[in-house]
Amino acid sequence: MAATPTREEIDEEKAALRARGRDRRAEIHARDGAEAARAMRDRFLARVPLAAGAVVAGYWPFGSEMDPMPLLEALHKRGHGLALPVVERRGAPLIFRRWKPGDEMSVHRFGMSEPLATRPRVDPDIIVAPLLCFDARGNRLGYGGGFYDRTLIVQRKIKPTLAVGVAFAAQRVERIPTDIHDQKLDWIVTETEALRAKTDAKRNWWWPW
């Protein structure tokens, strides 16, 4: 019987996956990032369930992340409310403020663009998240700060919240190592498919703040 990996072993495996994921993502983004973003938009709209009036939280793309702007612009045209994440402080969940295409933005000290502090706060029905790697079970590997894990714990306690990772197909891996605080995605949408995550494991609702 295989031994249960230690926290240190899990962290080491995640670090190696992050490094490979960054390189893979940067390569494909440079080659056909714009085309992939439009293809992802079309697959998202065709497959992911969207209730009338659902509020969707996206993100402002940074570096080689899959660009969600074509998707968010299409959702805006269809009448959906939109929001973007705001980092209040390290170690805290994200909050979301109303946003629409063309709104003035502010730049956070971490370098991310965010809605102005005067924009109203909202609890979204769907959270669209960037990532470095994913697997078919809905496991997401981000940058290591834990922002989306903490946020999904909070939002899923407030209301049913669908988590959708958007990525390039090449970011898929066979398995992502998980720890007690890691939150699963419900869907992963790439330029080639919309994947409903397998539900073979319970979500974890605890975070050691």
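The values are calculated or read from the model by the stated rules, or taken from the named source; none is laboratory data. For clarity, every value in this text was computed on a predicted model and none was experimentally measured. Because the Cβ atoms are built from the backbone with ideal geometry, glycine has one as well, and the counts that use them run over all protein chains shown. Surface areas here come from the heavy atoms of the whole protein model, side chains and all, with no ligands, DNA or RNA. Shrake-Rupley method; radii C 1.70, N 1.55, O 1.52, S 1.80 Å.
Annotation note: of GLU65, GLU35, the sole residue that is acidic (Asp, Glu), under 15 Å from the mean Cα position of the chain (by Cα) and closer than 15 Å to THR190 by Cβ is GLU65. Whenever a residue of the range 93-106 is without any contact (Cβ under 8 Å) to a residue 12 or more places away in the chain, its partners that are open to solvent by 10 Å² or more (accessible area, probe 1.4 Å) and outside any strand (DSSP E or B), lying with C-beta atoms within less than 7 angstrom and at least six residues away or across chains, give the pairs SER106/LEU116. Once the range 38-73 is narrowed to residues that are of a type in the set (D, E, K, R) and assigned to a loop (DSSP other than H, G, I, E, B), the residue that is most open to solvent (accessible area, probe 1.4 Å) is ASP67. Filtered by the rule that a residue be without any contact (Cβ under 8 Å) to a residue 60 or more places away in the chain and touching a Lys or Arg at 6+ places or on another chain (Cβ under 9 Å), the range 145-182 gives GLY145, TYR148, ASP149, LEU152, ARG156, ALA163, GLY165, ARG175, HIS181, ASP182. Quick one: would you say GLY81 is closer than 30 Å to VAL173 by Cβ, touching a residue at least 24 places away in the same chain (Cβ under 8 Å) and not polar (S, T, N, Q)? Here the answer is no, as GLY81 does not meet what is asked. Taking first residues from the range 50-73 that are polar (S, T, N, Q) and partners that are loosely packed, with under 15 Cβ neighbours inside 10 Å, the Cβ contacts under 7 Å between residues at least 6 apart in sequence or on separate chains come to SER64/ALA26.
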